[in-house]
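Below you'll find the structure, written out as structure tokens, and then a few comments.
The values are calculated or read from the model by the stated rules, or taken from the named source; none is laboratory data. Just so it is clear, the model here is predicted, and its values are computed rather than measured. Ideal geometry is used to build each Cβ from the backbone, glycine not excepted, and the neighbour counts take in all protein chains shown.
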Amino acid sequence: MSRNELKIGTVLSMLTIVVSSIIQIVYTPLYMRYLGPGDYGINSLVQSIMGYISILNLGLGNTMLRYTTRYRAEGRIEEENSLNGMFLVIFSILMAIAFIIGVYIYMNIGEFFGERFTFEELKKTKAVFLILALNVVISFPMGVFSTNITSKEKFIYQRGIKLLTIILNPIAGALLMINGFGLIAVTVSTVFFAFISYLFDIVYAFKLGMKIKFSKFNNSILKEIFLYSFFIFLNVLIDQIYWGTDRVIIGKYVGVQGIAIYSVGAIFNTLYMGFASAVSGVLFPRINRLIAEDRHSEVDEMFLKIGRLQYILLGLISSGFILFGRDFITLWVGKDYIEAYNIALWIMIPLTVPLIQSTGVSIMQAKNMHQFRSVVYFIIAILNLVLSVIFVKRVGAIGCAIATGISFILGQIIVMNIYYKVAVKLDMVKFWKNILKMSIPIGIVMIFGYVLNSYLSEVNYFNFLIKTSIYTVMYGVLLWVMALNNYEKSQIYIWKK
């Protein structure tokens, strides 16, 4: 892979996240205006249920990427072709299983949500579920082609297609809503764009030379693949419990309005995670190569470099949201959704640590050391599930956010940092010294932001724009002077060129 491929791929990733953020900011109030918070809550709920069906891929996407990269590096082209065929068969079987499960869920939606949903809400929920389930079911075998493209590190194509879809999809949805079409039409539009991207992936994968052979399946490799995939699947399951179950619980005990408020808060954390993964997401193939070549010191260095770069960005977002997030939500969707501010904070603050350490997950997967993390996260996820049910009954939608925040602190911060140090042998002392040093200018600029808030206290667009602009400039200046090292400054110069 050329340096330009990685660089442009990363730029496209960042651009995708920025564009996605802008679109969500514009699209969400538009959605609520034309379709209402009820439909917004229904869509968010069904998306969460789709997440549970999607985990049936068993983590095989990352597993296929790992073995495809290895076979190609070793020149085992015939085995790579057979691997493509084997995974296509496996994913086709999983597609059939997903279809059966989808039918079962569809038949029981009314029984599960009937207590809090009206008849009309249940009818819409079932219709949206049916449309999105079709997309998820078909996505299983389609993943073979997109993974093959990723293994060849064609990030410009993949990020470009994703960016184009992110732009066109909401434009089509907005036009449908404005012209009087409802939730069902908007959902169909979303699935249409997904199908188009699948077709592009198939064509491009074969253009890159992808070949599929349905022969010479190695049973020992198959066993090894499923053993490796199991713990990745466990991680995906845990992520779904963290991010998907909350809406289901809220729908069960609160209703669609509660889901809508929670989903507004969750938008910020989704975007937050997206910014953090923009760089690390393109590095998994490179980390695999470094470990395969026994260049472990470079892996440790990459962990620190990426963590610092992520913290520069996430520090700005999180500190800015703490100071100005309440004003933003008021201006964005109205005072009725102000609870979303506290929901977002309960998740965003503890989430920052695992996000700036996200490269560590790729390192563990490449070293085949992710089993411990999976077990720990599974235990913490069950705790999160139990606490969410208890808290949501007492304090409403925010109870799920409180439970998630507590779970992050216990599992993803305390336990995993110990494991990174003891087992993975990453230099966590050096890592945290760097992060704490960078936190000093962030703390100083937050004090400045607090004073700025007191002088421009009236909530309006002009004051908000002035405050955030001044804060961003001050943040950049203080970090440049007090925190950025020579490497980071040099990277900024390079990107300018």
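Is there a residue in region 91-100 that is touching a residue at least 60 places away in the same chain (Cβ under 8 Å), buried (at least 19 other Cβ atoms within 10 Å of the Cβ), under 30 Å from Lys223 (Cβ atoms) and not aliphatic (A, V, I, L, M)? For region 91-100, residues touching a residue at least 60 places away in the same chain (Cβ under 8 Å), buried (at least 19 other Cβ atoms within 10 Å of the Cβ), under 30 Å from Lys223 (Cβ atoms) and not aliphatic (A, V, I, L, M): absent.
When Phe129, Phe117, Phe87 are checked against the criterion of being closer than 30 Å to Lys152 by Cβ, buried (at least 20 other Cβ atoms within 10 Å of the Cβ) and not small (Gly, Ala, Ser), a single residue qualifies: Phe87.
Checking each residue in region 440-475 for being buried (at least 16 other Cβ atoms within 10 Å of the Cβ) and either among the hydroxyl-bearing types (Ser, Thr, Tyr) or under 30 Å from Gln371 (Cβ atoms) (or both) picks out Thr468, Tyr471, Tyr475. The lone criterion from (1) in contact with a helix residue (DSSP H, G or I) (Cβ under 6 Å, 6 or more places away or on another chain); (2) at pLDDT 85 or above; (3) under 30 Å from Lys252 (Cα atoms); (4) among the aliphatic types (A, V, I, L, M) left unmet by Met142 is number (3).
Checking every residue in region 98-114 against the condition of being under 16 Å from Ile225 (Cα atoms) and either of a type in the set (Asp, Glu) or part of a helix (DSSP H, G or I) (or both) gives zero matches.
Does region 32-50 hold any residues that are among the hydroxyl-bearing types (Ser, Thr, Tyr) and under 13 Å from Gly255 (Cα atoms), and which are they?
Looking only at region 32-50, we keep the residues that are among the hydroxyl-bearing types (Ser, Thr, Tyr), and these are 34, 40, 44, 48.
Within region 32-50, Tyr40, Ser44 meet the criteria.
With the requirement that a residue be more than 30 Å from Gly36 (Cβ to Cβ) and among the small types (Gly, Ala, Ser), what does region 141-175 give you?
Of all residues in region 141-175, those more than 30 Å from Gly36 (Cβ to Cβ) come to 141-161.
Residues satisfying the conditions are Gly143, Ser146, Ser151, Gly160.
Counting only residues that are touching a helix residue (DSSP H, G or I) at 6+ places or on another chain (Cβ under 6 Å), in a helix (DSSP H, G or I) and among the small types (Gly, Ala, Ser), region 228-277 holds 8 of them. If I go through region 452-497 residue by residue, how many of them are small (Gly, Ala, Ser) and either at pLDDT 95 or above or closer than 14 Å to Ser319 by Cα (or both)? Summing the residues that are small (Gly, Ala, Ser) and either at pLDDT 95 or above or closer than 14 Å to Ser319 by Cα (or both) in region 452-497 gives 2. Residues that are buried (at least 22 other Cβ atoms within 10 Å of the Cβ) and closer than 10 Å to Asn235 by Cβ within region 371-380 comprise Arg373, Tyr377, listed in sequence order.
Just one of (1) farther than 26 Å from Lys126 by Cβ; (2) in a helix (DSSP H, G or I); (3) at pLDDT below 85 fails for Phe200. It is (3).
Could you look through region 306-320, keep only residues that are of a type in the set (Ser, Thr, Tyr) and within 12 Å of Met348 (Cα to Cα), and pick out the one that is farthest from the chain's Cα centre (by Cα)?
We begin by selecting, within region 306-320, every residue of a type in the set (Ser, Thr, Tyr); these are 311, 318-319.
Within this subset, residues satisfying the condition of being within 12 Å of Met348 (Cα to Cα) are 318-319.
Details: Ser318: 17, Ser319: 20 Å.
Only one residue fits best here, namely Ser319.
A count restricted to region 37-57 and to residues that are surrounded by fewer than 20 Cβ atoms within 10 Å (Cβ to Cβ) and acidic (Asp, Glu) stands at 0.
Check every one of the helices (runs of 4 or more DSSP H) wholly within region 346-453 and list those with 3 or more residues that are of a type in the set (Phe, Trp, Tyr).
Answer list for region 346-453: 371-395.
Residues of region 132-156 that are surrounded by 18 or more Cβ atoms within 10 Å (Cβ to Cβ) and over 21 Å from Gln47 (Cβ atoms): Pro141, Val144, Phe145, Thr147, Asn148, Ile149, Thr150, Ser151, Lys152, Glu153, Lys154, Phe155.
Rundown of residues vs (1) assigned to a loop (DSSP other than H, G, I, E, B); (2) touching a residue at least 60 places away in the same chain (Cβ under 8 Å); (3) within 29 Å of Met364 (Cβ to Cβ), yes/no style:
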site: Leu12; (1), (2), (3): no, yes, yes
site: Ile17; (1), (2), (3): no, yes, yes
site: Ile22; (1), (2), (3): no, no, no
site: Gly41; (1), (2), (3): no, yes, no
site: Ser54; (1), (2), (3): no, yes, yes
site: Gly61; (1), (2), (3): no, yes, yes
site: Glu79; (1), (2), (3): no, yes, yes
site: Asn84; (1), (2), (3): no, yes, yes
site: Leu88; (1), (2), (3): no, yes, yes
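Could you go through region 207-222 and let me know if any residue there is at negative phi, crowded, with 17+ Cβ neighbours inside 10 Å and part of a helix (DSSP H, G or I). Within region 207-222, none of the residues are at negative phi, crowded, with 17+ Cβ neighbours inside 10 Å and part of a helix (DSSP H, G or I).
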